[in-house]
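Structure, as structure tokens:
The values are calculated or read from the model by the stated rules, or taken from the named source; none is laboratory data. Here the structure is a predicted model, which is why all the values come from computation and not from measurement. In this analysis, Cβ positions are derived from the backbone assuming ideal geometry, glycine residues included, and neighbour counts consider all displayed protein chains. Areas reflect the complete protein model, heavy atoms only, side chains present, ligands, DNA and RNA absent. Shrake-Rupley method; radii C 1.70, N 1.55, O 1.52, S 1.80 Å.
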Amino acid sequence: NDLRDAMVRVGSVLVESLVEHPEERLVMGGTANLTRNVADFPGSLRQVLEALEEQVVILRLLASAQDTATLTVRIGGENEAEQMRSTSVVSIGYGGTELLGGMGVVGPTRMDYAGTIAAVRAVANYVGEILTAG
């Protein structure tokens with residue numbers, strides 16, 4: 001339920017930002033949640049946080065979100081950015097017939113994959129429906 005509540009909040013902020021400001025933008029939230037259990041990130045959590053501050057790294061992580069039907073999961077070494085090798089990234093595109101953007105979740109490699117995948121897919125569907133309605 002913690003993940004569901006967080007995803008609903010993120011989805012609401014994302015929808016507000018995209019509806020009010022349709023130009024290209026990067027919305028990021030919940031980074032502090034990564035610090036809940038530093039032991040989940042072998043090596044350095046600092047590297048992960050620094051990588052997330054760089055918009056280029058985030059945009060590359062979301063680059064795989066090429067359509068709304070394909071969800072991508074990258075675990076550890078599957079991440080291109082060296083600083084992100086202690087993380088897992090779950091990402092997907094959102095929109096209707098036209099891809100409007102991408103979203104994802106970054107977490108430890110031992111995350112709840114089933115719950116995260118379901119939440120990311122649900123929020124992407126919700127955001128896509130809101131943005132294409134009308």
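The single condition among (1) open to solvent by less than 30 Å² (accessible area, probe 1.4 Å); (2) assigned to a loop (DSSP other than H, G, I, E, B); (3) within 23 Å of D5 (Cβ to Cβ) that M28 does not meet is (1). Identify the residue in segment 89-112 that is under 20 Å from Q55 (Cβ atoms) and of a type in the set (G, A, S) and, among all such residues, is modelled with the lowest pLDDT. Residue satisfying both the conditions and the ranking: G101. Applying a threshold of 8 Å to beta carbon distances and a minimum spacing of six or more residues, or different chains, the list of pairs starting in segment 72-83 at a residue that is in contact (Cβ under 8 Å) with a residue 24 or more places away in the chain and ending at one that is open to solvent by 60 Å² or more (accessible area, probe 1.4 Å) and assigned to a helix (DSSP H, G or I) reads A81/R60; Q83/Q47; Q83/E50.
Does S88 satisfy the condition of being in contact with a Pro (Cβ under 8 Å, 6 or more places away or on another chain) and open to solvent by less than 50 Å² (accessible area, probe 1.4 Å)? Spelling it out, S88 is indeed in contact with a Pro (Cβ under 8 Å, 6 or more places away or on another chain) and open to solvent by less than 50 Å² (accessible area, probe 1.4 Å). Scanning segment 38-94 for residues that are under 13 Å from V105 (Cα atoms), part of a loop (DSSP other than H, G, I, E, B) and in contact with a Gly (Cβ under 7 Å, 6 or more places away or on another chain) returns a single hit, A65. Can you name every residue in segment 88-101 that is among the β-branched types (V, I, T) and in contact with a helix residue (DSSP H, G or I) (Cβ under 6 Å, 6 or more places away or on another chain)? Selection gives V89, V90, I92.
Checking each residue of segment 107-116 against the condition of being open to solvent by 40 Å² or more (accessible area, probe 1.4 Å), assigned to a helix (DSSP H, G or I) and either in contact (Cβ under 8 Å) with a residue 12 or more places away in the chain or among the aliphatic types (A, V, I, L, M) (or both) gives at least one match.
Scanning segment 96-106 for residues that are buried (at least 17 other Cβ atoms within 10 Å of the Cβ) and over 10 Å from the mean Cα position of the chain (by Cα) returns a single hit, G101.
Scanning segment 36-56 for residues that are open to solvent by less than 70 Å² (accessible area, probe 1.4 Å) and of a type in the set (D, E, K, R) turns up at least one hit.
Exactly one residue among G93, G77 is closer than 17 Å to I117 by Cβ and open to solvent by less than 70 Å² (accessible area, probe 1.4 Å), and that residue is G93.
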